[in-house]
């Protein structure tokens, strides 16, 4: 873990939210985390409190048990991460296949079995944060690729509209789009979207008349 620890030493102190229905476990984590350089911003004893505290404090990391009153830890995490992705480490007394399988959701980046020792907690946090950064990077890359594909489809459709309406060849239609974008100081995809929307309105009007 030396490489991971070396990387994480450059990172800021984490604001951590902890959740467990056992007060002794909450006390234990509140004692263990500050010496590792982290701050416990809030605690929760059930899933409902976990959701409320996450919405209030926007933690960098969540440490949670699975089986808790009201809403269990994993269901609470699912609700939290739908609104704001955050890395999660599960700390549970259970290591059965059902618990582990339930904890295999995309925002769970670590699973520790109680009793948790300091030597286990520190590297688990480092690995979880590094994996979360990689996960976020991959998500952004996927979004960028999807947006590029969506823009490309819009541009192709707008180009087709110009070719049909103005009797232009493909190259000339594309240059026309580029010129329109330059004249309006807008992105090519934005011009294409406006042109496609206008064409759809014209088509709809023709169908209704």
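The values are calculated or read from the model by the stated rules, or taken from the named source; none is laboratory data. Fair warning: this is a prediction, and the values are worked out from it, not measured in the lab. Methodologically, a virtual Cβ is constructed for each residue, glycine included, from the backbone with ideal geometry; neighbour enumeration extends over all protein chains shown.
Examine region 92-99 for a residue that is modelled with pLDDT of 95 or more, part of a loop (DSSP other than H, G, I, E, B) and touching a strand residue (DSSP E or B) at 6+ places or on another chain (Cβ under 7 Å), and state whether such a residue exists. Write out each step before concluding.
If we filter region 92-99 for residues that are modelled with pLDDT of 95 or more, which is where we start, we get none.
Within region 92-99 (the criterion being modelled with pLDDT of 95 or more, part of a loop (DSSP other than H, G, I, E, B) and touching a strand residue (DSSP E or B) at 6+ places or on another chain (Cβ under 7 Å)), the answer is no, since none of the residues qualifies.
Hey, among 181, 148, which residue is assigned to a helix (DSSP H, G or I), free of Cβ contacts under 8 Å to residues at least 12 places away in the same chain and in contact with a helix residue (DSSP H, G or I) (Cβ under 6 Å, 6 or more places away or on another chain)? Walk me through how you get there before you give the answer.
Details: 148 fails: in contact with a helix residue (DSSP H, G or I) (Cβ under 6 Å, 6 or more places away or on another chain).
Exactly one residue qualifies, and that residue is 181.
Look at residue 59 and say whether it is closer than 18 Å to residue 135 by Cα, outside any strand (DSSP E or B) and modelled with pLDDT of 85 or more. Explain how you work it out, then say what you get.
Values: closer than 18 Å to residue 135 by Cα: yes; outside any strand (DSSP E or B): yes; modelled with pLDDT of 85 or more: yes.
Answer is yes for this residue.
For the list (1) surrounded by fewer than 17 Cβ atoms within 10 Å (Cβ to Cβ); (2) over 19 Å from residue 128 (Cα atoms), I need the number of the one condition that residue 39 fails.
Here residue 39 clears every test but (2).
Considering every residue within region 135-144, establish whether at least one is over 37 Å from the mean Cα position of the chain (by Cα) and assigned to a helix (DSSP H, G or I). Outline the logic, then answer.
Pass one, region 135-144, residues over 37 Å from the mean Cα position of the chain (by Cα): none.
No, there is no match, as no residue in region 135-144 is over 37 Å from the mean Cα position of the chain (by Cα) and assigned to a helix (DSSP H, G or I).
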